[in-house]
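Please see the structure below; I have some questions.
The values are calculated or read from the model by the stated rules, or taken from the named source; none is laboratory data. Quantities reported herein were computed from a predicted structural model and do not represent experimental measurements. All Cβ positions, glycine included, derive from the backbone under ideal geometry; neighbour counts span all protein chains shown. Quick note on the areas: whole protein, heavy atoms, side chains included, nothing else; ligands and nucleic acids left out. Shrake-Rupley method; radii C 1.70, N 1.55, O 1.52, S 1.80 Å.
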Amino acid sequence: MEILTIKSQISPNSAKVKIKEKEKSIEVKNMESIFYPYLYIEACINTRVLSHIINDDISWMIDMINGAEALTEKVTETQKLKVDIAEDRILNINLTVDEARKRAISSITHVILQRIKILQAPRILVLKEELLYKPFWLMECYYNNEKFHLLIDAVNGYYYPVFV
């Protein structure tokens, strides 16, 4: 299946090294890539605070599985890559694009109202939206013969324990 993904910055080998730096006795037995779906939105915010006009761009990502929204840096075209990935490596989407867009606009509005302390909702114009997948490494690890899993973000190197 062809998908649009953010380019990996963390190779399998550097992911292993990162974990070994934290705890030398961790043994990595298996590692596979998975791709997590997001709706990526670029929008223009337009509002007024007293006599000051605010006209700014904002980028937002919505987790297409759980619906969590987050402000993000703009993802440029050079940071993206079209790849052909086996379907079993792509996590299933639970939200529709319409649901995700509504969540994003609501979340953007809330953040703007809180940060700028305005009383009127800003005008939000969606400039671009696309389904964008983020790559992760799923690692099967052992520590003192105890098996556990880690999920490593292949873009920024952050890692998270996976509870099965």
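Can you work out the PRE-style zone for Leu127? Point 7 Å along Cα to Cβ, and I want the residues of region 64-79 with backbone N under 11 Å.
Only 74-75 fall inside the zone, counting backbone N under 11 Å.
Any chance you could give the angle, 0 to 90 degrees and rounded to 10, that helix 97-116 forms with the longest Cα principal axis of the chain?
The helix 97-116 is inclined about 70 degrees to the chain.
Shifting gears a bit: For the chain, what % of the accessible area comes from carbon and sulfur atoms, probe 1.4 Å? The partial results should precede the final answer.
Working: 5240 of 10320 Å².
Accessible surface attributable to carbon and sulfur in the chain totals 51 percent.
Could I ask something else about it? So what's the net charge close to Thr109: Lys and Arg +1, Asp and Glu -1, counting the other residues with Cβ under 13 Å from its Cβ?
Charge balance near Thr109 sits at +4.
What order, most packed first, do the peptides 125-135, 92-102 have when packing is the mean number of other Cβ atoms within 10 Å of each residue?
Values: 125-135: 16.3, 92-102: 14.5.
Top to bottom by mean Cβ count within 10 Å: 125-135, 92-102.
Between region 41-95 and region 145-164, how far is it from one alpha carbon centroid to the other, in angstrom?
If we compute the Cα centre of each part, the gap is 24 Å.
All other residues with a Cβ under 9 Å from the Cβ of Ile45 taken together, and with Lys, Arg as +1 and Asp, Glu as -1, what is their net charge?
Summing Lys/Arg as +1 and Asp/Glu as -1 gives -1.
Taking the 0 to 90 degree range and rounding to the nearest ten, how far is the long axis of helix 12-22 tilted relative to the main principal axis of the chain, both from C-alpha atoms?
For 12-22 against the chain, the angle is about 80 degrees.
Here's another thing I want to ask about it. Do me a favour and compute the ellipsoid semi-axes for the chain from its Cα gyration tensor, root of five times each eigenvalue, largest one first, whole Å.
Listed largest to smallest, the semi-axes of the chain are 36, 17, 14 Å.
Now for a separate question. For a 23 Å ceiling on Cα separation, which of these pairs sit above it: Lys7/Lys147; Lys18/Lys82; Lys18/Lys134; Lys80/Lys128?
Exceeds cut-off: Lys7/Lys147; Lys18/Lys82.
Just grab the label-to-label distance for Asp98 and Leu113, each label 7 Å out from Cα along the Cβ direction, in nm (one decimal).
If labels sit at Asp98 and Leu113, their model points lie 2.3 nm apart.
Run the simple label-point estimate for Ser25 and Ile53 please: 7 Å along Cα→C-beta, distance reported in nm.
6.5
OK, next. Put Thr5, Thr109 in order of accessible area, largest first, 1.4 Å probe: what do you get?
So, going from the largest accessible area down, we get Thr109, Thr5.
What residues qualify as long-range amide H neighbours of Ile54, i.e. H under 5 Å apart, gap of 5 or more or another chain, H built at 1.01 Å from N?
Thr47, Arg48, Val49
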